[in-house]
1. Return the pairs, sorted by first residue and then second, in which the second residue is open to solvent by less than 40 Å² (accessible area, probe 1.4 Å) and aromatic (Phe, Trp, Tyr), the first residue lies in segment 38-61 and is more than 15 Å from Glu81 (Cα to Cα) and assigned to a helix (DSSP H, G or I), the beta carbons are less than 9 Å apart, and the residues are 6+ apart or on different chains.
2. Quick one: is Glu89 on the phi < 0 side of the Ramachandran plot and surrounded by 13 or more Cβ atoms within 10 Å (Cβ to Cβ)?
Amino acid sequence: MSTTRTATRTTARPARGGATNLVDLAAAGDEHTVADAHQGQVFLGILHRENDSVAAALTTAETCARIERGSGSVAAAQRYEAEARRLRETQRELHCMIANLRTRFAGSGS
């Protein structure tokens, strides 16, 4: 009788504790892979939107720097050029993050 109770408890535990055999473990692993890939897609979308925003700001800063240089306002041009350098660095970092995500999820179609 205690053997039956033990068997019942063992089969009841997986609902709370997780997978108990290789098939369940493989299925759970696939679920995590799918969830990871979905999360990667979400992050990729966020990074692309941020990159678009930084690219627009960079274009504006470069244009303003040219206008200020052309009008003889060196100090203002230098401020815009410094801003453009900062934005280029941010853009490089974003490109690295995007490349890393694409590499990480290359097999999942991202």
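The values are calculated or read from the model by the stated rules, or taken from the named source; none is laboratory data. Since we're looking at a predicted model, the values are computed, not measured. Because the Cβ atoms are built from the backbone with ideal geometry, glycine has one as well, and the counts that use them run over all protein chains shown. Ligands, DNA and RNA are excluded from the accessible area calculation, which covers all protein heavy atoms including side chains. Shrake-Rupley method; radii C 1.70, N 1.55, O 1.52, S 1.80 Å.
1. Close Cβ pairs (under 9 Å, with a partner that is open to solvent by less than 40 Å² (accessible area, probe 1.4 Å) and aromatic (Phe, Trp, Tyr)) amount to Gly40/Phe105; Gln41/Phe105; Leu44/Phe105.
2. For Glu89, the condition - on the phi < 0 side of the Ramachandran plot and surrounded by 13 or more Cβ atoms within 10 Å (Cβ to Cβ) - is not met.
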